[in-house]
Amino acid sequence: MAILGLHTAGTGCDVAIVSDSGDILSRQERQMSRGQDAALPILLESALEEAGIDLRTIRKIAVVVGPGSFTGIRLTTAFGRGLAISLKCPCVGVTSLEACLPDGQQGSAMVVLPAKRREPDITFWTQSFRSGEATAPPEETSRADLLDRLNAHPHMLYGSTEAGLTAPDHLVVHAARPSAVNAAKRVADKRFETRPARPVYVRPPDADLPGQKAKSC
């Protein structure tokens with residue numbers, strides 16, 4: 001049995017196939033700011049060829065459902081759901097923060113990724129975990145609030161603080177980023193296989209349709 005991971009919630013297109021035991025069979029990734037809709041099926045075909053398997057071998061699909069790029073989240077969720085219907089297999093949603101966690105993470109952890117990157121409104125996507133399981137949903141946190149939380153309750157930190165967060169001296173940020181591989185590996189663990197693939201936006205999209213207000217998601 002093979003598990004397909006899909007990730008277009010960031011600035012790229014990322015496809016991975018892993019075995020049900022979590023071994024990486026193939027991965028295809030391309031950095032791009034647009035055009036993921038055209039690239040995704042091409043990378044999927046390349047990943048299947050590299051893994052030496054047929055599409056019908058896929059038995060689960062893991063989709064990175066955000067937070068992140070509004071357009072990218074909608075694309076990969078729709079693509080994963082449609083493929084799952086065709087293959088008659090589950091399509092499971094994995095948050096961008098969950099897709100950063102390494103295998104076997106133990107104890108209290110927090111994943112931190114840049115959200116708003118411009119001063120003075122620097123914010124971060126955050127999510128807390130204990131031994132790999134989420135203890136809260138993803139949220140957008142201001143720099144001040146995040147520092148207060150980390151000082152009051154230290155966590156093992158994963159992710160990226162490149163947008164202007166200096167971690168407290170007693171904490172180290174372990175570099176991590178969302179990936180299709182991590183999403184697929186997470187779904188290989190049967191504890192996480194029942195969540196449907198629904199977009200996780202945390203806040204409304206930045207762009208409004210002409211004559212309309214952005215809808216909260």
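When only DSSP loop residues count, what trypsin sites (Lys or Arg not before Pro) in the stretch 112-188 have their Cβ near at most 14 other Cβ atoms within 10 Å? Please list the in-between numbers first.
Details: sites: LYS116, ARG117, ARG118, ARG130, ARG143, ARG149, LYS185, ARG186; in loops: LYS116, ARG117, ARG118.
Those satisfying the criteria are ARG117, ARG118.
Using the Karplus relation 6.51 cos²θ - 1.76 cosθ + 1.60 with θ = phi - 60°, the per-residue 3J(HN,Hα) values for the stretch 72-78 come to x, 5, 5, 4, 5, 5, 5 Hz, with x marking Gly and Pro.
Mean silhouette area of the stretch 63-171, derived from the convex hull of its C-alpha atoms and averaged over all directions, reads 7.6 nm².
Sequentially through the stretch 100-113, phi angles give Karplus couplings (6.51, -1.76, 1.60; θ = phi - 60°) of 9, 5, x, 4, x, 4, 10, x, 7, 9, 9, 9, 10, 10 Hz, Gly and Pro residues having no value and appearing as x.
Taking the average, over residues, of other Cβ atoms within 10 Å as the packing measure, peptides 119-126, 64-71 rank 64-71, 119-126 from highest down. Here the Karplus relation 6.51 cos²θ - 1.76 cosθ + 1.60, evaluated at θ = phi - 60°, turns the backbone of the stretch 176-187 into coupling constants of 7, 9, x, 8, 5, 4, 5, 4, 5, 5, 5, 6 Hz, with x for every Gly and Pro. Calculated translational diffusion coefficient of the stretch 1-118 (25 °C, 0.890 mPa s; Stokes-Einstein with Kirkwood radius over alpha-carbon pairs) equals 167 µm²/s. Subtracting the Cα-Cα distance of ARG117 and ILE85 from their residue separation scaled by 0.36 nm leaves 7.8 nm. For the chain, the antiparallel share of DSSP beta bridges with both residues in that region comes to about 65%. Per the Debye formula on identical point scatterers at the alpha carbon atoms of the chain, with no solvent, log10 I(q)/I(0) at q = 0.08, 0.16 Å⁻¹ is -0.28, -1.05.
The number of Lys pairs in the chain with C-alpha atoms less than 26 Å apart, excluding pairs fewer than 8 positions apart on the same chain, is 7.
As a rough guide to protection, the peptides 56-62, 81-87 ranked by mean Cβ packing within 10 Å, highest first, stand as 56-62, 81-87.
Every number in this text was worked out from the coordinates using simple rules, so none of it is lab data. Remember, predicted model here, so these are calculated numbers, not experimental data. With ideal geometry, Cβ positions are generated from the backbone for all residues, glycine too; neighbour counts draw on all protein chains shown.
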